[in-house]
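The numbers here are math on the coordinates, done by the rules we state, and not lab data. Keep in mind it's a predicted model, so treat the numbers as computed, not measured. So basically every Cβ, Gly included, is an ideal-geometry build from the backbone, and we count neighbours across all protein chains shown.
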Amino acid sequence: MTTTSPPRTGADVMAQFIPQSPFVAKLGIVAERLDGDEVRLRLPWDESNVTVGDMVHGGAIAALADVAVMAAAWSQAAVPESLRGVTTSMSMQFLAPARACDLVAIGRVLRRGKTLVNCEVDVMTADGDAVAKAIATYKVG
């Protein structure tokens, strides 16, 4: 008797990818929620992610937003046999400095096309203070 494993979901793909990506792991980004209408990721405070003093580097914040875009785009996507995906564009607005704190990114799909997914990400402190906003397009499949 041959059994077939159930198809993987996009959330499953992200749950496997995030801890295995060397760059994501280097930054310390962890997934808190990967399914449903919103994804939630956390960038724990680490003094190696600062630009000066205790201010979190804008590149670390942008990387967190980019990973949240990817996770949101895949969250409810059909999983093709050959996994491919890339952020095709991202606009980032930095709203306030993040000083010596964990950051949380909430990613949402705005519109899902056949292969292009438009997303938004809000980056905030763990207390909910706005730090950055990103609008991006991600290509799946």
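Using the Cβ-Cβ distance between R84 and A130 with R0 set to 30 Å, the FRET efficiency works out to roughly 0.35.
For E47 and L95 in one chain, what is 0.36 nm times their gap in residues minus the Cα-Cα distance, to one decimal in nm?
Details: separation 48, 0.36 × 48 = 17.28 nm, distance 2.08 nm.
Working it through step by step, the gained length comes to 15.2 nm.
Around the amide H of A98, modelled in the peptide plane, lie the amide H atoms of V56, all under 5 Å away and 5 or more residues distant in sequence or on another chain.
Reported to the nearest whole Å, the Cα centre-to-centre distance from region 7-67 to region 108-137 is 13.
Ranked for footprinting exposure by Cβ neighbours inside 10 Å, fewest first, M90, M14 give M90, M14.
Across region 10-140, the relative contact order, built from alpha-carbon pairs under 8 Å that are at least six residues apart, equals 26 percent. Ordering S91, S75, S82 by the number of other Cβ atoms within 10 Å of each residue's own Cβ, fewest first, gives S82, S91, S75.
Taking a straight line from the alpha carbon of K26, these lysines sit under 26 Å away, with near neighbours fewer than eight places off in the same chain left out: K133, K139.
When a footprinting reagent is the concern and you count Cβ atoms within 10 Å, what order do E47, E120 take, fewest first?
Numbers: E47 9, E120 17.
Final ranking by Cβ density, sparse to dense: E47, E120.
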